[in-house]
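To keep things clear, I will list the structure first and then write my remarks on it.
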Amino acid sequence: MGGLLVPVVLAISLCGSGKPVVAVSYGVQNDVDTGIRGNTWAFDTYTRSVRVWRKSPGRFCAASTYNGTFASIDGSSPGGRSHLPAGIRGTVGGTSVTTFRARLASRAAPLNGFLGVKDFACTSADLKGRCAGTWDWIGDYFANVTQFRYTRYAFTYHASENGSGTYRDTLVNGKVRYTGDIKAARPKPRR
């Protein structure tokens, strides 16, 4: 109950009132994450909960929560300040809110419940959203989507193994902000 209650309460506060039309969640494996320079810096595994409200005829608001883990890929850090080795692990959590115009057309997709695990099948050479298995929920639920935009988002990455640091990526009041970074653990001195 607690795991479901938090995303629902958070989503309501982010989208406000309206008629609930979709309430689903799904697991994601092998997604990639991009850093400040557009670089692919980590593989992500997470659960995404999506709640959608009809605000008025043809207008919708969707609020999502994300909770999971990341593992770094050899290359630039998300904040672009250092080089990361592969294998730094940590947690990722966040929220996003989108608004769009569309027609609800669920195409037999369930309007609520857990949809299973989606393997995005990304490689370190892939860009976010362009992996062989990327699945976009909006295409299974809506037709004629226009004016899709993120109104806000906030993601936090915290290194907990083989590295340190916290990186935040936010969009608030139309401004994207990046703070912090992830860095490799310093090698322990030999004795």
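Where a number appears in this text, it was derived from the coordinates with a stated rule and is not lab data. Just so it is clear, the structure is predicted and the values come from calculations on it, not from any experiment. As a convention, Cβ positions derive from the backbone with ideal geometry for all residues, glycine included, and neighbour counts pool all protein chains shown.
If the Cβ limit is 7 Å and pairs must be 6+ apart or interchain, which residue in region 51-67 that is in contact (Cβ under 8 Å) with a residue 24 or more places away in the chain pairs with which residue that is among the acidic types (Asp, Glu) and not in a strand (DSSP E or B)?
No pair meets every condition.
Only one residue in Thr166, Thr134, Thr156, Thr151 is surrounded by 14 or more Cβ atoms within 10 Å (Cβ to Cβ), touching a His at 6+ places or on another chain (Cβ under 7 Å) and β-branched (Val, Ile, Thr), so which one is that? Break it down into steps so the answer makes sense when it comes.
Details: Thr134 fails: touching a His at 6+ places or on another chain (Cβ under 7 Å); Thr156 fails: touching a His at 6+ places or on another chain (Cβ under 7 Å); Thr151 fails: touching a His at 6+ places or on another chain (Cβ under 7 Å).
Sole residue among the options that is surrounded by 14 or more Cβ atoms within 10 Å (Cβ to Cβ), touching a His at 6+ places or on another chain (Cβ under 7 Å) and β-branched (Val, Ile, Thr): Thr166.
Taking region 10-45 only, how many residues are over 23 Å from Gly133 (Cβ atoms), among the hydroxyl-bearing types (Ser, Thr, Tyr) and assigned to a strand (DSSP E or B)?
0
Which is part of a strand (DSSP E or B) and exposed (fewer than 13 other Cβ atoms within 10 Å of the Cβ), of Val117, Val97?
Values: Val97 fails: exposed (fewer than 13 other Cβ atoms within 10 Å of the Cβ).
Every option except Val117 fails the conditions.
State all residues of region 137-150 that are assigned to a strand (DSSP E or B) and either in contact (Cβ under 8 Å) with a residue 60 or more places away in the chain or more than 19 Å from the chain's Cα centre (by Cα) (or both); if no residue qualifies, say none.
Phe142, Ala143, Asn144, Val145, Thr146, Gln147
Give the residues of region 47-66 that are of a type in the set (Lys, Arg) and either under 16 Å from the mean Cα position of the chain (by Cα) or within 19 Å of Gly93 (Cα to Cα) (or both), sorted by residue number.
Listed by number, the residues that qualify are Arg48, Arg51.
Any residue in region 17-37 that's within 30 Å of Ser56 (Cα to Cα): show its pairings with residues that are among the small types (Gly, Ala, Ser) and outside any strand (DSSP E or B) at Cβ separation under 9 Å, as long as the two are six or more apart or on different chains.
Val21/Ser106; Val22/Ser106; Val22/Ala109; Ala23/Ala11; Val24/Ala109
I'd like the full set of residues that are among the small types (Gly, Ala, Ser), crowded, with 21+ Cβ neighbours inside 10 Å and outside any loop (DSSP other than H, G, I, E, B), limited to region 46-82.
Going residue by residue through region 46-82, those that are among the small types (Gly, Ala, Ser) are 49, 56, 58, 62-64, 68, 71-72, 75-77, 79-80, 82.
When the remaining residues are screened for being crowded, with 21+ Cβ neighbours inside 10 Å, the result is 49, 62-64, 72, 77, 79.
Correct list: Ser49, Ala62, Ala63, Ser64, Ser72.
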